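Shown next, in structure tokens, is the structure this report addresses.
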Amino acid sequence: MNLEMDLSLNETRLLGVLIEKEITTPEQYPLSLNALTNACNQKSNREPVMALDECTVQDVSDGLMAKSLMMQAAGGSRVVKLKHRFCNTEFSELQLTAQQLAILCLLFLRGPQSPGELRTRSNRLCDFSDVQEVEAVLASLQQFEKAPLVQKLERQSGKRDSRYVHLFSGEVGGGEAFASMAGSGSASASASNPGAVQCDTDTESHDERIELLELEMAEMADEIKQLKLLVEQLTS
């Protein structure tokens, strides 16, 4: 696995989304360009929040396909579907456990996080019994067989726990540098760049609109299920 690929914030956002949807809504995976764009721009479970347009997502997808990290799914659908080749596939040398993959997915989607934050946010991706188990998996990623996949950042002033960051965007000097990079990532989004080239979204197909609605309904159903389980735990 080449850790010197230096993935951009947009590239890790796309990969994180594809990994997330593959796990949480497998019936809706792979994703169309429209569904992928909307998932990248979710206001929940994303840091920073972006406003990427389909042209940008298509360009980033093309770049990831050139790096052999994404591919078009085979099938008879009239809509082109996209899937990742990042790990755990016949095309990738990188093989991860469910817990390792969940942590990298969260770091791709939300930037540096503490073990406690990772445990709280991972419930839809995998199971961790406690924070110590998260720390053990982070240690395994730090000592990965070929090269470290995550890095522990210096503890920020006023914070109790240190945060961790993935290393697929190169080495980082500290949390502040990463935060600055993440903050600048949304500046390339179409919402803050009115001069950007816009795609012709009027041609969005009926199939894509249906797929997006089905994806949103599946995610809502999953969230309701998780809430019910939480209520049962609290009342038992």
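By the Kirkwood approach, averaging reciprocal distances over each pair of separate Cα atoms, segment 49-177 gets a hydrodynamic radius of 16.4 Å.
Restricting segment 45-110 to chymotrypsin sites (Phe, Trp or Tyr not before Pro) that sit in a DSSP loop and have at most 14 other Cβ atoms within 10 Å of their own Cβ leaves 91.
Of the GluC sites (Glu not before Pro) found in segment 51-159, those in coil by DSSP whose Cβ has at most 15 other Cβ atoms within 10 Å are 90, 93, 145, 154.
Neighbours of residue 41 by Cβ distance under 11 Å: Lys/Arg scored +1, Asp/Glu scored -1, total +1.
Sorted on the mean count of surrounding Cβ atoms within 10 Å across their residues, most packed first, peptides 65-71, 10-16 read 10-16, 65-71. All distinct Cα pairs of segment 8-56 go into the 1/r average, and the inverse of that average, the Kirkwood radius, is 10.9 Å. Taking Lys and Arg as +1 and Asp and Glu as -1, the other residues whose beta-carbon sits under 13 Å from that of residue 135 total -1. Under a 5 Å amide H cut-off, with hydrogens placed 1.01 Å from N, residue 156 pairs with 163 among residues at least 5 apart or on other chains. The 3J(HN,Hα) values that the Karplus relation (6.51, -1.76, 1.60; θ = phi - 60°) gives for segment 156-171 are, in residue order, 6, 4, x, 9, 7, 10, 7, 10, 10, 9, 6, 10, 7, 10, x, 5 Hz. Gly and Pro appear as x. Within segment 82-146, which trypsin sites (Lys or Arg not before Pro) sit in a loop by DSSP and count at most 14 neighbouring Cβ atoms inside 10 Å? Here the sparse-neighbourhood loop sites are 146. Between residue 120 and residue 73, the modelled labels are 3.3 nm apart [label points 7 Å from Cα along Cα→Cβ]. Annotation: amide H-H contacts under 5 Å for residue 31 (H modelled 1.01 Å from N, sequence separation of 5 or more, or interchain): 82. Relative contact order of segment 1-50, taken over Cα pairs closer than 8 Å and 6 or more residues apart, is 26 percent. Kindly list the residues of segment 125-162 that lie in the label zone of residue 97, defined by a backbone N under 14 Å from the point 7 Å along the Cα-to-C-beta vector. Zone members listed by number: 126-145.
We did not get these values from a lab; they are worked out from the coordinates using the rules stated. Everything quoted here is computed from the prediction, not taken from an experiment. Glycine gets a Cβ as well: all are built from the backbone with ideal geometry, and neighbour counts include every protein chain shown.
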